[in-house]
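Student: Below you will find the structure I want to go over with you.
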Amino acid sequence: MRSATFRFYAELNDFLPPGERQREVVRIFPDSPSVKDQIEACGVPHTEVDLVLVNGRSVGFDHRLSDGDCVSVYPVFEALDVTPLVHHRPKPLREVRFVLDTHLGKLARRLRLLGFDAIWRRDATDAELVSLSLSERRILLTRDRGILKRREITHAAAIRATEARRHLLEVVERFDLARSAAPFTRCLACNGGLVGVPKESVLDRIPAETRLHYDEFLTCTACARVFWWGPHSRRLREIVEEALRGP
Ligand SMILES: [Zn+2]
């Protein structure tokens, strides 16, 4: 008997038994079956699959598996930025970016907290959201199912949870974000990148009390706000930990 390791991405996990989701699964087989047969044997219909990488190389469904192969299987959604000759790596292969509807400001800030590029504007129109999604290849997150019916939309997802606290967990799970998160690298207020700066350079922008107690500071490269690890950051760390802990 031979074996190969399979990893299914994003919503393809919905087809797997709960214990096999979001992780590597080893399958054992005789001879050298086609990769399509083994994908379907895992419970995933091949019609849902857009891209298969075997040992980092893009292959067709009729590709024959060998002992020890590593197989990554992506739905249409995940295949956006995958070039045919990428190598197997521990992180997802593309950078995921979002644009969120006007109801989801809190979720946008929380995605930024995890380091994801998330555009949100209080006064954005549906047309602007759709246009940003298409022109910048951003996944449109929305609680408004109406907008998802627009024909031109290619990458979008409805947020199902009603409780705001659950929204972030839902998105992390659905898009398999835990491994590519980079917490505390993005400005919660404006989506800009954060960089560490010497204390001397921000003295005029922080309260006197803060000057006394803290030495490490970050600043936003876009809006110039200054951040530090005060008592308020404990709550943020809790949100990050809960989101990345997984289901
Ligand atoms: Zn900023």
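Student: If you take the C-alpha gyration tensor of the chain, multiply each eigenvalue by 5 and take the square root, what semi-axes do you get, largest first, in whole Å?
Tutor: Semi-axis lengths for the chain are 39, 22, 16 Å.
Student: Hey, another quick one. If you average the alpha carbon positions of the stretch 1-45 and of the stretch 178-220, how far apart do those two centres end up, in angstrom?
Tutor: The two parts, judged by their Cα centres, are 43 Å apart.
Student: To check my understanding: the extent here is largest minus smallest coordinate of the Cα atoms along each principal axis. What are those three numbers for the stretch 17-77, in Å, largest first?
Tutor: The Cα atoms of the stretch 17-77 stretch 27, 23, 19 Å along the principal axes, largest first.
Student: Further question: With the alpha-carbon atoms as the only input, what is the per residue convex hull volume for the stretch 135-218 in Å³?
Tutor: Spelled out: Cα convex hull of the stretch 135-218, divided by residues, is 164 Å³.
Student: Treating only the Cβ of Lys, Arg, Asp and Glu as charged (+1, +1, -1, -1), what charge dipole size does the chain show about its Cα centre? Round to the nearest 20 debye.
Tutor: 640 debye
Student: Restricting attention to the stretch 1-37, which GluC sites (Glu not before Pro) occupy a DSSP loop and are surrounded by at most 13 other Cβ atoms within 10 Å?
Tutor: Glu24
Student: A further question follows. Which value, in debye to the nearest 20, describes the size of the charge dipole of the stretch 111-247 about its Cα centre when Lys and Arg Cβ atoms bear +1, Asp and Glu Cβ atoms bear -1, and nothing else is charged? Could the numbers behind the result be given before it?
Tutor: Working: 24 positive and 19 negative charges, 83 e Å.
That gives the stretch 111-247 a dipole magnitude of about 400 debye.
Student: Turning to a different aspect of this structure: Within the stretch 160-209, report the GluC sites (Glu not before Pro) that DSSP leaves as loop and that have at most 14 other Cβ atoms within 10 Å.
Tutor: Sites meeting the loop and neighbour criteria: Glu163.
Student: Then there's this: Kirkwood Rh over alpha-carbon pairs of the stretch 128-177, then Stokes-Einstein at 37 °C and 0.692 mPa s: what D in µm² s⁻¹, rounded to an integer?
Tutor: My calculation gives 285 µm²/s for D.
Student: Give me the percent relative contact order of the chain, please, defined on Cα pairs under 8 angstrom at least 6 residues apart.
Tutor: Reported as a whole number, the value is 15 percent.
Student: Just to confirm a number: summing +1 for Lys and Arg and -1 for Asp and Glu over residues other than Val71 whose beta-carbon lies under 10 angstrom from that of Val71, what do you get?
Tutor: That works out to 0.
Bear in mind that the values in this text are calculations on the coordinates, not laboratory data. Because the structure is predicted, anything quoted here is derived from the model rather than measured. When we count neighbours, we look across all protein chains shown, and the Cβ atoms used for this are built from the backbone with ideal geometry, even at glycine.
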